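Asks: Encoded as structure tokens, here's the structure I'll be asking about.
The values are calculated or read from the model by the stated rules, or taken from the named source; none is laboratory data. No experiment lies behind these values; they were computed from the predicted model shown. Cβ: placed from backbone, ideal geometry, glycine included. Neighbour counts: every protein chain shown. Remember, those area values only see protein heavy atoms, side chains included, never the ligands or the DNA or RNA. Shrake-Rupley method; radii C 1.70, N 1.55, O 1.52, S 1.80 Å.
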Amino acid sequence: MQTDPMLAFLIRRTGQSAIVVLLMATIVFFGVNVVGDPVHMLVSPDADQAEIERVIRQFGLDRPVIEQYGLFLKGAIQGDLGTSFIFGQPAVQLILQRFPATLELAVSALVIALVFGIPLGVYAGIRPDTRSARAIMAASIFGFSLPTFWVGIMLIMFFSVQLQWLPSTGRGDVGSFLGIESSLFTLDGLRHIILPASNLALLKMSMIIRLTRAGAREVMQQDYIKFARAKGLSFGRIVRVHLLKNIMIPVVTVLGLEFGSLIAFSVVTESIYAWPGMGKLLIDSVLQLDRPVIVAYLMIVVFLFVLINLIVDVIYSALDPRVSLTGAKS
Amino acid sequence: MSASLPSSQKPRFKDTSLGVFVSQFLESPVAVVALAILVVIISLAALAPWITPQNPYDLAQVDIMDARMEPGEEAFAGYTFWLGSDGAGRDLYSAMLYGLRISLAVGVFSGLIAMVIGTVIGLTAAYAGGRIETLIMRLVDLQLSFPAILIALMLVAALGKGVDKIIIALVAVQWAYYARTVRGSALAERRKEYVEAARNLGLSPARILFGQIMPNCLSPLIVVVTIQTAHAIALEATLSFLGIGLPQTEPSLGILISNGFEYILSGKYWISFFPGLALLVTVFCINLVGDQLRDVLNPRLAK
């Protein structure tokens, strides 16, 4: 009987993802246990001797490392990665509480980057030899070189301190719409998100410009564009229908992958703007040695990453018929 | 290239392969200016102790009464704070040049170590082939599918602060790029006739790898080195800004910017602004030079 190639692909790809998560969990576990001190990871620094011994027994730290590794994995599968010393709450719960704030920041940044990046990239690709196209490309190298955290500070200095137009810290009022809570639904919240989202967007804008430009240049030389022009279609229509459609596949793929990096990079932006997301929580935890939260953050982000990669891969293979589902290439 | 030169005439510089490379590089005025600025920046950093009015980390030379002076104000000791002073009364110009030294040293040093490790691993993968190659390349792909800052955060969280630890983290972040690049070009080289000839001559695999194949992989490697050094400098600054990179005793540009951040809301912009500008100009110039190098050395990879 012939199996469905898409199903086989899904199963194989999910299996690979599971292996990656397991591998990263192993690295994080041994990183903490071999490099760091596991007792420090589990008890707060000001615990007394009796407390320390109680924890050592409770978490089985007197047992062999392999057994402990098994216990760690068991806990991880059940969603239990320890309790924060600072907040006294389960670490996973703490991070998930802050996840919506990070998500809305990353999504807003992505939208800003796309709205500016794609038109600029398309223009630079269609008219590669004009002065403005060269300027766009030079600006994209410049954007690439800008230290995100410094730009964040400069945005605060200019828009919050000098002009006093926009607030510099926090998330503002959080509104609720269709059961989703987000600061995107209130005017105050929107005012708060403009600076951090633009700051985070800057990082990806240069990349989107370069990617779109490369795609546009390639597509413009294809026969079907020449044919469309010969047919007498207007230039605007060629760009909208034939060009954009064909450069979207690589752009969407890379964007999917880059979305994860936006979440990782929001660590920096959240620290500057005191945005109450999980990135700021991570930095606070690193500074306060709240190790269960660090481990939980790393595990959740790795999981998120592998999940995004999986989704992008599946969408990509569904969109692009040239991708072979049965091939050995992963 | 210079095969048919008359024997009486010495080859002129511009006909040698190095000469061609130099003249092609010089074709872009932007890259030349960037390189010139870079040379100035490196010289300033190297000469810091001799061209700054104070050693910002010698407590005897720093006066807390001079704290947060605006650019152009005069210090107690008589010299002028051209770029202002920071929260501890250090001359910002001096602190920046000393900070540049640390930033450049950490970036370049970690880049070089990563290059050596990545090159050896990449060459090994290309030469060994089979299971070893698959294993190494899977590892490279795995690492490259995560953003550099996440890997660095993970390592710094496990290792802690310190110059040595941040260098380890930067090397761990970068090696995979080198390994991938070198393996790619080594695979192409391995099939060429001169490698076959060397093998027939009975040269050892190590000699073929490092003596024959490696020199031919240098062009793409040089491009990666430039871009990665810029990345490393920016990443170190980011981690140091977040307070999880270098310690306060090794004040790189990132730490100077971080120190200035607390004064931003009171309008004292210069403490963060100038060190950030220095960081930006340095990274930007390295990237511009790298971009031109890529165009000259590897037309296939042209933008």
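Asks: Of A:Val293, A:Val314, which residue is over 22 Å from A:Ile19 (Cα atoms) and assigned to a helix (DSSP H, G or I)?
Replies: After ruling out the rest, the residue left standing is A:Val293.
Asks: Any idea which of (1) at pLDDT 80 or above; (2) surrounded by 13 or more Cβ atoms within 10 Å (Cβ to Cβ); (3) of a type outside the set (Ser, Thr, Tyr) is the one A:Ala230 doesn't satisfy?
Replies: With (1) at pLDDT 80 or above; (2) surrounded by 13 or more Cβ atoms within 10 Å (Cβ to Cβ); (3) of a type outside the set (Ser, Thr, Tyr) applied to A:Ala230, the lone miss is (2).
Asks: Residues of the stretch A:8-19 being closer than 18 Å to A:Leu73 by Cβ and open to solvent by less than 40 Å² (accessible area, probe 1.4 Å), which ones?
Replies: Passing the criteria: A:Gly15, A:Ser17.
Asks: Let me ask another. Being in a helix (DSSP H, G or I), within 14 Å of chain B (Cβ to nearest Cβ) and not basic (Lys, Arg): is that true of A:Phe149 here?
Replies: Judged against the criteria, A:Phe149 is a match.
Asks: Tally time: how many residues in the stretch A:130-141 are open to solvent by 30 Å² or more (accessible area, probe 1.4 Å) and either within 13 Å of chain B (Cβ to nearest Cβ) or closer than 27 Å to A:Gly279 by Cβ (or both)?
Replies: Count: 4.
Asks: Quick one: which residue in A:Phe149, A:Phe116, A:Phe159 is open to solvent by 70 Å² or more (accessible area, probe 1.4 Å) and touching a residue at least 12 places away in the same chain (Cβ under 8 Å)?
Replies: The match here is A:Phe116.
Asks: Of all residues being among the small types (Gly, Ala, Ser) and surrounded by 18 or more Cβ atoms within 10 Å (Cβ to Cβ) in the stretch A:206-227, which is farthest from A:Gly260 (Cα to Cα)? Just the residue, please.
Replies: Step by step, filter the stretch A:206-227, then rank; the result is A:Ala216.
Asks: Here's another thing I want to ask about it. Consider B:Gly162 carefully, then state whether it is of a type in the set (Gly, Ala, Ser) and on the phi > 0 side of the Ramachandran plot.
Replies: Judged against the criteria, B:Gly162 is a match.
Asks: Continuing with the same structure: Check B:Lys161 against each of (1) open to solvent by 10 Å² or more (accessible area, probe 1.4 Å); (2) not in a loop (DSSP other than H, G, I, E, B) and name the one condition it does not meet.
Replies: Failing condition for B:Lys161: (2).
Asks: Would you point out which residue out of B:Leu246, B:Leu256 is in contact (Cβ under 8 Å) with a residue 12 or more places away in the chain and outside any helix (DSSP H, G or I)?
Replies: Only one candidate qualifies: B:Leu246.
Asks: Taking the conditions exactly as written (buried (at least 23 other Cβ atoms within 10 Å of the Cβ) and of a type in the set (Val, Ile, Thr)), does B:Ile257 satisfy them or not?
Replies: It is true that B:Ile257 is buried (at least 23 other Cβ atoms within 10 Å of the Cβ) and of a type in the set (Val, Ile, Thr).
Asks: Another one. If you go through the stretch B:50-69, how many residues are acidic (Asp, Glu) and modelled with pLDDT under 70?
Replies: 2
Asks: Sort through B:Val224, B:Val195, B:Val182, B:Val171 and tell me the only one that's in contact with a Cys (Cβ under 7 Å, 6 or more places away or on another chain) and more than 14 Å from chain A (Cβ to nearest Cβ).
Replies: Just one listed residue meets the conditions, B:Val182.
Asks: Being modelled with pLDDT of 70 or more, loosely packed, with under 15 Cβ neighbours inside 10 Å and under 30 Å from B:Gln248 (Cβ atoms) narrows it down to one residue among B:Leu38, B:Leu26, B:Leu47; which is it?
Replies: Criteria check complete, one pass: B:Leu47.
Asks: Looking at this structure, is A:Phe144 free of Cβ contacts under 8 Å to residues at least 60 places away in the same chain, of a type outside the set (Lys, Arg) and open to solvent by 20 Å² or more (accessible area, probe 1.4 Å)?
Replies: no
Asks: Do we have B:Leu155 as within 10 Å of another protein chain (Cβ to nearest Cβ), under 26 Å from A:Ile294 (Cα atoms) and in a helix (DSSP H, G or I) here?
Replies: Yes: the conditions hold for B:Leu155.
Asks: A follow-up question, please. Could you tell me whether A:Arg210 is in a helix (DSSP H, G or I), within 26 Å of A:Ala138 (Cβ to Cβ), touching a Gly at 6+ places or on another chain (Cβ under 8 Å) and among the charged types (D, E, K, R)?
Replies: It is true that A:Arg210 is in a helix (DSSP H, G or I), within 26 Å of A:Ala138 (Cβ to Cβ), touching a Gly at 6+ places or on another chain (Cβ under 8 Å) and among the charged types (D, E, K, R).
Asks: Right, another one. Given the residues A:Leu195, A:Leu203, which is the only one that is within 25 Å of the chain's Cα centre (by Cα), within 14 Å of another protein chain (Cβ to nearest Cβ) and open to solvent by 40 Å² or more (accessible area, probe 1.4 Å)?
Replies: Going through A:Leu195, A:Leu203 in turn, just one is within 25 Å of the chain's Cα centre (by Cα), within 14 Å of another protein chain (Cβ to nearest Cβ) and open to solvent by 40 Å² or more (accessible area, probe 1.4 Å): A:Leu203.
Asks: For the structure I just gave you, tell me whether A:Ser84 is touching a residue at least 12 places away in the same chain (Cβ under 8 Å), of a type in the set (S, T, N, Q), open to solvent by less than 50 Å² (accessible area, probe 1.4 Å) and out of contact with any strand residue (DSSP E or B) (no Cβ under 6 Å at 6 or more places or on another chain).
Replies: Answer is yes for this residue.
Asks: With respect to B:Gln212, is the statement that it is among the polar types (S, T, N, Q), farther than 18 Å from B:Asn287 by Cα and assigned to a helix (DSSP H, G or I) true?
Replies: When the stated conditions are applied, B:Gln212 passes them.
Asks: While we're looking at this one, here's another question. So if I check each of A:Ala216, A:Ala228, which one is out of contact with any Ser or Thr (no Cβ under 9 Å at 6 or more places or on another chain), within 14 Å of chain B (Cβ to nearest Cβ) and small (Gly, Ala, Ser)?
Replies: Testing whether each residue is out of contact with any Ser or Thr (no Cβ under 9 Å at 6 or more places or on another chain), within 14 Å of chain B (Cβ to nearest Cβ) and small (Gly, Ala, Ser) leaves just A:Ala216.
Asks: Here is a follow-up. Out of the residues in the stretch A:231-272 meeting the condition of being without any contact (Cβ under 8 Å) to a residue 60 or more places away in the chain and of a type in the set (A, V, I, L, M), tell me which one is nearest to the other protein chains (Cβ to nearest Cβ).
Replies: Within the stretch A:231-272, the match that is nearest to the other protein chains (Cβ to nearest Cβ) is A:Ala264.
Asks: Name the pairs: first residue in the stretch B:226-240 and over 16 Å from B:Asp291 (Cβ atoms), second residue open to solvent by 10 Å² or more (accessible area, probe 1.4 Å) and of a type in the set (Gly, Ala, Ser), Cβ to Cβ under 8 Å, at least 6 apart or on different chains?
Replies: Listed by first residue and then by second, the contacts come to B:Leu235/B:Ala148; B:Ser240/B:Ser258.
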